[in-house]
Amino acid sequence: MKTLSTLYRFISVVFTAGVLGSCAPTVTTYQLEPVSGDLATIDGRPVTKAERNGVGVVASFEREDMEFVTLDVEVKNRTDHPIEVNPADFHFVALGASQDTLTDPLNTSLLLMRNAADPAYEAGRVSRKRKAEEKRLKRAKVFNTILMVAVIASDVSSSGKSRSYGEYVNNRVTHNLAYQGIAVKRAIDYSTFANRMERFDYEEYRWRELALKANTLAPGESVRGFVYLPKITSAKYLSVSYSIPEQATVPLLFKQELVQQKKKRQRR
């Protein structure tokens, strides 16, 4: 039956993925280091400071965070008037080893540049991702029910047929594997759901509590938070700029390195 063959293919894919995952010897991590501006080391961390037209930016590499690299940023208003701070006004151009500009692989006529994540927009996406994940689990439940009905029907249909002892044993083994496979799939579906919802909880916290917020800074005030830049694997440098329209563009240059680390063995 088609549903049974689908289940068997699923079990095979899960087993293969588990074997390949357990054999992965290393993981790649991103490391950024500032190489421009007024450089200093604070608490063992390289920090850079730059200022243009009274707009000051202090930045350091914080960590890799899922699909982003994170900068710890403080924006200072040294002007005599209020300024509007928006993390979405951070952007960067990806550079090669010679600090030459890279082109976008999707359109070679364009520079490879990206904007920092907009916390307000990303927070809205979290809600949509939650709803999509709930729908995915519902579809998985329906599919699991269809699989179970098909296996039961096949089991009942074949159990009444006369066969040799060897055929009987093969039939029992096949259907027992099918029942076990459905149980495994259900467990994976619920585990995936729980893991993703936990991730969405963290993402919501990240955009609400950790990220630099859009706000108005009065003269002499400053604001601090994390700025999230999309990962670009091919970049050797990130030419980061913070721009306030018709006010200032503050440049920051970070060297990017991909570090291979041995994957820690999981205790059994």
I need two numbers for the stretch 107-174: Rg to one decimal and Dmax as a whole number, Cα atoms only, in Å. 25.2, 71
Using only Cα atoms, what Kirkwood radius does the chain have, in angstroms? 22.8 Å
Cα-based radius of gyration of the stretch 159-227 once divided by 2.2 N^0.38 Å, which approximates compact folds: 2.52
Which of the peptides 251-260, 231-240 is most tightly packed, and how do the rest follow, judged by the mean count of other Cβ atoms within 10 Å per residue? 231-240, 251-260
Compute the projected area of the convex hull of the Cα atoms of the stretch 149-198, averaged over all viewing directions, and report it in nm² to one decimal place. 3.6 nm²
The extension gain from A120 to T29, computed as 0.36 nm times the residue separation minus the Cα-Cα distance, is 30.1 nm
In cubic angstrom, how much convex hull volume per residue do the alpha carbon atoms of the stretch 66-214 span? 204 Å³
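At 1.4 Å probe radius, can you tell me the per residue accessible area of the stretch 24-140 in Å²? Don't skip to the answer; put the middle values down first.
Values: 6330 Å² over 117 residues.
In whole numbers, the stretch 24-140 has 54 Å² accessible per residue.
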Solvent exposure of the stretch 144-228 as accessible area per residue, Å², 1.4 Å probe: 58 Å²
Whole-number percent relative contact order across the chain, with pairs defined as alpha carbons under 8 Å at least 6 apart: 34 percent
Once the convex hull of the alpha carbons of the stretch 143-265 is built, what does its volume come to per residue, in cubic angstrom? 231 Å³
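Which percent of the accessible heavy-atom area of the chain goes to carbon and sulfur, probe 1.4 angstrom?
The C+S portion of the solvent-accessible surface of the chain is 54 percent.
The values are calculated or read from the model by the stated rules, or taken from the named source; none is laboratory data. Worth saying up front: this structure is predicted, and the values here are computed from it rather than measured. A quick note on method: Cβ atoms are made from the backbone with ideal geometry, for glycine too, and the neighbour counts reach across all protein chains shown. Ligands, DNA and RNA are excluded from the accessible area calculation, which covers all protein heavy atoms including side chains. Shrake-Rupley method; radii C 1.70, N 1.55, O 1.52, S 1.80 Å.
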